[in-house]
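The values are calculated or read from the model by the stated rules, or taken from the named source; none is laboratory data. These numbers were taken from a predicted model, which means no experiment stands behind them. We place every Cβ from the backbone using ideal geometry, glycine too, and count neighbours over all the protein chains shown.
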Amino acid sequence: MHYRHPTRLRRIPRVGVALERGGIRATYAIHDRIGSNRKARSRFRQDAPALDDVQRQIVDAVDASGFTVVPFAELFPEPATWEELAREARSFVEHTEQGLAAEATGGEGALRRRAGKEFVVRRYSYGVDVALDDPWLRLGVSRRMLDVANASLRLWSKLEYFDLWYSVPQPQDASRVSSQRWHRDYNDRHLLKAFLYLVDVDAAMGPFQYVPGSAGSGPYAREWPWRPLGDNYPGDDELAARVPDSWVETFTGPAGTMVFCNTSGFHRGGLSTSDPRVLATWTYSSPASLASLTERSYRFTGSLDELDALQRFAVT
């Protein structure tokens, strides 16, 4: 996720920060209620997708609790689709591990990381040019994925982000930092994120975790409630005092496990103390987010003529 404004906020005086935050929140609210989201909702109502049983189960489960898990092969049953992604994943892992080995000996690994999240190596990071020959983008704009996202958000959504993540194993006594801590994504109330495990993930590998019912109108939605640019990183001990451990969902599973969730709810992951966690991820948000809080992580440089209207909307 690449947020537009927090970096700028750190560069201005405190009074200016308050004014800036107020302006951002007002802009988001306008776009959500009467601006770009209103148009996106209207388009959805005029052309709602016809979901099959697997897609409908995903949407219904996310509606009910904020998350669901589905084997990749159930959503994409063609073996060739997974085989292509598995090849691409192996190439990413090989490149990453070569870079990490070079860094360990004082060399230059040329790896893509984000400041504050150095524990994650990314395939793309931000500002990459992509077209439909990229299998990860192609999957993200497939109607199998977009129809789920749009039905979940009840509007025509934007594919704002996709990438591959390699979580570098940390020392056993490492403290949680950044997205390893409990947090809400603060750039949109209307979010659907998909994670696809590309390796087997166990409890020591920083599996994704989620608090059911912490989004929408769920029982934990009012704990540090969501708002744009809100205080969405409570202390882990504070959250544990309000949310019992037994309520938290932890997603371990084999390669090919897919998790769909509304990440305006509380979630965390990525603190591996054993083997690298490798996954692909896609984020779908409303137009209001791109209009006020978020910058898309990529530039689509392919031909728009190759896309239908809904796909063109998602990448532009």
Margin query: What's the total number of residues in segment 157-175 that are in contact (Cβ under 8 Å) with a residue 24 or more places away in the chain and part of a loop (DSSP other than H, G, I, E, B)?
Written below: 7
Checklist line | Members of segment 195-209 found to be touching a Phe, Trp or Tyr at 6+ places or on another chain (Cβ under 9 Å), farther than 15 Å from residue 70 by Cα and either surrounded by fewer than 23 Cβ atoms within 10 Å (Cβ to Cβ) or among the hydroxyl-bearing types (Ser, Thr, Tyr) (or both), listed by number | finding: 209
Checklist line | Identity of the residue in segment 231-253, among the aliphatic types (A, V, I, L, M) and within 23 Å of residue 63 (Cα to Cα), that ends up surrounded by the fewest Cβ atoms within 10 Å (Cβ to Cβ) | finding: 248
Next item on the list: Go through 221, 204, 215 for me and flag whichever is of a type in the set (A, V, I, L, M) and farther than 30 Å from residue 166 by Cβ.
Entry: 221
Note to self: Quick test for you: out of 206, 216, pick the one residue that is at positive phi and modelled with pLDDT of 95 or more.
What the structure shows: 206
Margin query: Based on this model, can you work out whether residue 65 counts as within 30 Å of residue 252 (Cα to Cα), crowded, with 16+ Cβ neighbours inside 10 Å and among the small types (Gly, Ala, Ser)?
Written below: yes
Checklist line | Residues being buried (at least 17 other Cβ atoms within 10 Å of the Cβ), under 18 Å from residue 143 (Cα atoms) and either within 18 Å of the chain's Cα centre (by Cα) or without any contact (Cβ under 8 Å) to a residue 40 or more places away in the chain (or both) - total across segment 52-61 | finding: 2
Check: Do any helices (runs of 4 or more DSSP H) lying entirely in segment 216-316 carry at least 1 residues that are among the small types (Gly, Ala, Ser), free of Cβ contacts under 8 Å to residues at least 40 places away in the same chain and within 14 Å of residue 184 (Cβ to Cβ), and which ones are they?
Finding: none
Next item on the list: Please determine, by comparing only the residues of segment 91-124 that are touching a Gly at 6+ places or on another chain (Cβ under 7 Å), within 16 Å of residue 275 (Cβ to Cβ) and of a type in the set (A, V, I, L, M), which one is surrounded by the fewest Cβ atoms within 10 Å (Cβ to Cβ).
Entry: 100
Notebook entry, point to check: Got a sec? Which of 234, 219, 171 is closer than 21 Å to residue 279 by Cα and over 19 Å from the mean Cα position of the chain (by Cα)?
Noted result: 171
Next item on the list: Pick out the one residue from 265, 256, 302 that is touching a Leu at 6+ places or on another chain (Cβ under 6 Å) and over 22 Å from residue 174 (Cα atoms).
Entry: 302
Notebook entry, point to check: Of these, 250, 283, 273, 257, which one is touching an Asp or Glu at 6+ places or on another chain (Cβ under 6 Å) and either of a type in the set (A, V, I, L, M) or closer than 30 Å to residue 93 by Cα (or both)?
Noted result: 283
Next item on the list: Provide a single number: the residues in segment 186-212 that are assigned to a loop (DSSP other than H, G, I, E, B), within 27 Å of residue 314 (Cα to Cα) and not aliphatic (A, V, I, L, M).
Entry: 5
Item checked: Residue, surrounded by the fewest Cβ atoms within 10 Å (Cβ to Cβ), within segment 25-49, restricted to residues that are aliphatic (A, V, I, L, M) and modelled with pLDDT under 95 -> 34
Next item on the list: Search segment 219-230 for residues being of a type outside the set (D, E, K, R) and surrounded by fewer than 17 Cβ atoms within 10 Å (Cβ to Cβ), and hand back the single one that is modelled with the lowest pLDDT.
Entry: 230
